[in-house]
Each structure stands twice: as C-alpha cells, then as structure tokens.
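Where a number appears in this text, it was derived from the coordinates with a stated rule and is not lab data. Because the structure is a prediction, the values reported are computed rather than measured. Ideal geometry is used to build each Cβ from the backbone, glycine not excepted, and the neighbour counts take in all protein chains shown.
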Amino acid sequence: MKNDREIKTPDAKLILRKFDSGDKQETQQFCTWCTLFLLGCFLFLCGRLWYLQIYKGAEFKELSKKNSIKYVRLQSYRGNILDRAGRLIAGVEPSFNIGVVLKDVHDVESLIGQLASLLDEPATDVRMRLVAAKNQPSYLPVIVKRDASWEEVARIEARLYRLPGVVVEVAPARQYPYGTVAPHLLGYLGEVSLEQLRSGNFPHAVSGDLVGKSGIELRFEKRLAGKSGYKMLEVDAKGRMIRVLKVQKPQPGQDVQLSINLDLQLAAEDALSGKSGALVALDPNTGQILAMASSPKFDPRIFARGLTQAEWKELNNPLLTPLVNKAIQGQYAPGSTFKVVMADAALQERVVNPYTTFFCNGSFKLGRRRFRCWKRGGHGQTPLYKALVQSCDVYFYNVGLKLGVDKISKYAFGFGLGKKTGIDLPGEKPGFVPTRQWKLRRFKEPWQKGETLNYSIGQGFLLVTPLQLARMIAAVGNGGKLYKPEFILDEPPVLQARVPTSSWTLKNIRRALIGVTEDKHGTARTCRIEGIKVAGKTGTAQVIRQLRRRESESMAWRYQDHALFVAFAPADNPQIAVAVVIEHGGHGGSAAAPVAKAVIERWLKLRSPKPSTIIQRNL
C-alpha cells in the first residue's frame, strides 16, 4: 500500500502542474479574443457613427426637419382684365378649397366617406378626384371641393382633428362684376391637365392649379398668372402648427387692358340675346376690337368648380355650339355681303362702269339651268348703284362671268378673305376662297361657269368669318387699308396690306352702300339712324339649296338661311365698322341689320360729348 501511495503522489502533482499551465494559456487566449472583439465593436460603432453623423448627416438632418417643418404653397392672385376705360371685367376674389394631402392619410376609404358626408358630395365623385391625382406628388393637396361655402368650411374646420390629411386653403377665384361679359373673348379657367404640365408651357403651375384654357386667359397665361409663394411652418407630431418660420409672399399677375368698350360689349350681347350668331365691331382706323360677341354664350365660372353631366351636354349642343367663338371660328358663306368685293373687282378690272346696266327679269339662264334672283319679279334695268342698294343677283351673275373665277379669287384674297387675320387669339379659322386650281386638285374636275355664278353672290365653296367681314367693310371705309385686328389697348396699329382698289372705285361703292340704308328701296332701311349716314350691305346665305327662297320660312330652324350685315359709320368719317351674322335668321335686313344698328348707335352716343351711363343688367 505504501508503494502505491508513493507512486500516485508524484503523478498527482504532475497533473496539477500541467493543469495550472494550460489554464493560464487559455485565459490569455480568451482575453486576447475578448479584446479583439471589443475593439472590433468599438471600430464598428465608430464607423457607424461616422456614416450616420458625417457622411449621411446632412440628409438625415433634412429628413428630421421635414418631420417638424411643413411648407404651405401660397397661390398668387391672377391679374385683372380691364376694358379700354380701365373698368374691371374680370377680377379676383378669395375662395376656399378643400384638399387632401394623401401622404398624411392612413385610411383613405374612411376619409372619403367622411368628406362625402360633410361636403354633401357623392363618395364616388370624391374617390374619382383622388384617383385622378394619383400621379401627382403625394405632398401636394388634391382638391376635392373648389369654392366651398362658409358652411362647408365650418364643418370641415370643426373636425380637422379627426380628418388627417385634410386641408382648407384660401385660393383666388375669378370674379365678374358685370356678369359673364365676353366669355368667348376672355376665355375660361380650368384645372391644369397632365398634357399641359408636360408641355413645358406652364412652368408656374402644379397639379391642381387653375390655368387659362381658351381666349385671353390662355393667350396671356404667364402674364396673368403671377408667381406663387410659400409659408414655412413648424408643426407638432400631429401636424398642428406651432409657429410660422418663414413667409415668401406670392407675386400677383399683371393686369391686361383690352381695347373693347364695356358699354358697347354689353350692348352687343344684349342685341344678340336669344339669337345664335356673332358680332364684331372694330375701329376702322386702327384695327382695334371695340366689341366681340358670340351667342349663345356660357358661364366661365362653371369650368373652375367642375361641370355636371347636364352642363357638359348643354355646352356641346351641336346646333347652338355655345363653346365656339363664332366671331373667329364660325365659317359662313358671306352671301350678298360679298357683292362689295365683286363691285370693287368689276370697277377695277373695267368690266363695267358705274352706269353699265344689266336687265334682271328675276332669273339668269345658263345653258338649260336658271339661276334665280332673290326678287321673283326682277329688278329691270340695273346699274351698279341699284345692284348694290337692292342686292340684285342677276347683275352680279353677269359681272361674275365677265370677271371669271381667277379674278374673283384675286380680289377676295386682296380683301383679306380666305386667310387668318392674325388676331392674337387661339383657334382662329381661315375661312376659304376657292380657286380653279383647288377645284382640279380636290375633285379632279375643271371649274364650271355655274360655280362662278354662285361664287359671284357669295355662295358655293366660299367661306368667311365675321371678323374677316368686319375687316373687309372697314377697308372700304378707311380708304383700302387692312389692319391687323388687335384687342390689347396699348398695342400700336399694324397695317398688314392695302386692298386692290382706288379712291374712285371706293367713292362709287360707298355711295351705293349709303343707299342700302338711306334709299327708299334699300335692303337695310332698318339700320337708318337719324342724323347719321350708315354705309352697309345686307346678305342672306343659304344653308341648303332651296327651289324657292320663300320655302325657307316653312323649314326647320336649322335649315333656314343665315342673315348677314356689314356696315361702317359715319359714312363720311368712319369711327366704327360692324359685321353681324345671325345663324338661321333669314334676311340680313330684318334680322342682322337691327343688331348692328343698336351697336352703332351706342358707340356714337358714347363718343358724343354728352355723358353716358353704362348699361345696367341683372347679374
């Protein structure tokens, strides 16, 4: 036993010594790894801190600001539109819009239901407005209600704490102190479309803004719109304002002063009330537009608030076309008003003189066909004066054949027909002057003499606009000058061309045009004004071919003839030139001439030294 103990004891000590030696090495290794691990963690934290605070510091600082700072866009006030005397035609007034900032909305469907109830709007309409704005930035408010009433604003404001994302904005809206004056000329405002934003022509606008859609509002959009500003607010976690940090005031748009006279414009619109057609009145010595009316007209305010289905259907009536500016977009056969051009061409080309006569028995035979005169029994022996005063068709049938289509077209172009006048308004139509070459290209057929006869009395392929007619008759009154029509007051006159005529020719034509209103047989005695000589010419343009003129009276309204009248006054010193087209109105002397008379009388009274008060109307 002793030996066993003696043997075991050294072995135990040896084992203990080995164990102590290994424990120290492992401890040293463990400490080394722990040190390296802690050093790695420290370096990682340092790197992360450097990345967050230095490399990404500016970005996160900006994000932090966005969490506590809110930018509110301040819309600029649109410029005013004034008449030539500085009177306000279209101004601005504050209104309230209800909008939704989608990025702040948590439950869209719930919000749609609440808004529909508070605004008394169908939920589908609210949803469609939100869906339509899905492509716009989520931080911009989507307008769900424009021009909200005080009651609607009060209901929303009282519940804003329960309506996250809903905002009430004060926005400028168009105001019309005298009602809807000259809507076709002024144009209207509508919400900017995606196509307009992409076009680059509306850099000042963002989705939801109202911009010009037609007329002056569109043509002078940048001038009228101004520049928006902003307000920087500090808000709490719930989006409630704490304080205003900065305000950048918006820059209001510039005013536009027109050449039209408000009194005259109201007189023109009242004279056209209940009729379908157009009127243009201009200064024959400068080309400035004094009045431009198209009927029926529309209320431009409905486009800003949004159209109902019934309103849209009414505006797209294919017979009345209330959205069309008929003064520059309506294209009509000029009828007998074109005889002014024919008379000039005949005298200038020496195919007749003032005393050359043609016999009118009520019709003109060409081959086997008869072309009728408007007067069934005929006019008898007819010289130029009588032909214009009584508007004899047979006289001009004879003149047309002597001139030929090429010379007729030459003088039509010379009087500014068949091409745009250059008025600075979008959508102007050029009308149409036919030629022999056009007929051959278009129909692969030669020009026929029968077409020349129709051409000679302003029928057939020939088309003109009321503005072109006004400029044509103005040139007769001012000595043969074609001015560019202008509606901005401070624009200088632009002489575009001189018509192919002479003072001798114009003298003879003016004498006959005075007879149209003054002679006892004149076709426009309804336009006579006591103490003032008016020079004018009536016209009746067929819409469809009729066997007898009187048949039109028994036909449906849309098939009846158009009535036209052109005039300038005073005849010896013209101050105003007028063109009137009454669609399906019948005879120019009975339907169009009285409308022109009302406008001419009003203008001459306005220019007299006696004070004149503006026409009053119910707005």
Check: Between Arg442 and Ala58, how many nm apart are label points set 7 Å from Cα along the C-beta direction?
Finding: 6.5 nm
Checklist line | Degrees separating the helix 57-68 axis from the principal Cα axis of the chain, which is the longest one | finding: 70 degrees
Notebook entry, point to check: For the range 552-603, which semi-axes, largest first and in whole Å, follow from the square roots of 5 times the eigenvalues of its Cα gyration tensor?
Noted result: 27, 8, 7
Margin query: Suppose only helical runs count, i.e. DSSP H with n ≥ 4. What mean residue ellipticity at 222 nm does that imply for the chain under -39500 (n - 2.57) per run, divided by all residues and rounded to the nearest 500 deg cm²/dmol?
Written below: -11500 deg cm²/dmol
Item checked: Cα long-axis angle, helix 108-119 against the chain (0 to 90 degrees, to the nearest 10) -> 50 degrees
Notebook entry, point to check: Can you give the charge dipole size of the chain about its Cα centre, rounded to the nearest 20 debye, using +1 on the beta carbon of Lys and Arg and -1 on the beta carbon of Asp and Glu?
Noted result: 2120 debye
Next item on the list: Kindly state, to the nearest 0.05, the FRET efficiency for Lys407 paired with Arg376, given R0 = 41 Å and r defined as their beta-carbon distance.
Entry: 0.85
Check: In angstroms, what radius of gyration and Dmax does the chain have, counting Cα atoms only?
Finding: 39.6, 173
Checklist line | Residues Glu269, Glu530, sorted so that the one with the fewest Cβ neighbours within 10 Å comes first | finding: Glu530, Glu269
Notebook entry, point to check: So what's the Cα pair-distance distribution over the range 150-287, bin width 5 Å, in %?
Noted result: 2, 7, 12, 15, 14, 14, 12, 10, 5, 4, 3, 2, 1, 0
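Counting other beta carbons within 10 Å of each Cβ, put Ser273, Ser590, Ser409 in order, fewest first. Write down the numbers at each step before the final one.
Working: Ser273 13, Ser590 17, Ser409 22.
So the residues, fewest neighbours to most, are Ser273, Ser590, Ser409.
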Notebook entry, point to check: What list do you get for Trp504, Trp150 if you sort them by fewest beta carbons within 10 Å?
Noted result: Trp150, Trp504
Notebook entry, point to check: Seen from all sides and averaged, what is the projected area of the convex hull of the Cα atoms in the range 253-365, in nm²?
Noted result: 12.9 nm²
Check: Please state the relative contact order of the chain as a whole percent: Cα pairs under 8 Å, 6+ residues apart?
Finding: 13 percent
Margin query: Could you tell me how far the Cα centroid of the range 461-539 sits from the Cα centroid of the range 561-586, in Å?
Written below: 8 Å
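Rank-order 313-323, 284-294, 518-528 by packing density, defined as the average count of other C-beta atoms within 10 Å over each peptide's residues, highest first.
Descending mean neighbour count gives 284-294, 518-528, 313-323.
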Next item on the list: Using the structure shown, list the pairs from Lys449/Lys484; Lys275/Lys484; Lys145/Lys213 with a Cα-Cα distance above 26 Å, or answer none.
Entry: Lys449/Lys484; Lys275/Lys484
Check: Between the helical axis of 262-272 and the dominant principal axis of the chain, each derived from Cα atoms, what acute angle in degrees is found, rounded to the nearest 10?
Finding: 70 degrees
Check: Structure shown: which of Lys339/Lys375; Lys227/Lys326; Lys297/Lys533; Lys410/Lys439; Lys339/Lys410 lie over 25 Å apart, alpha-carbon to alpha-carbon?
Finding: Lys227/Lys326; Lys297/Lys533
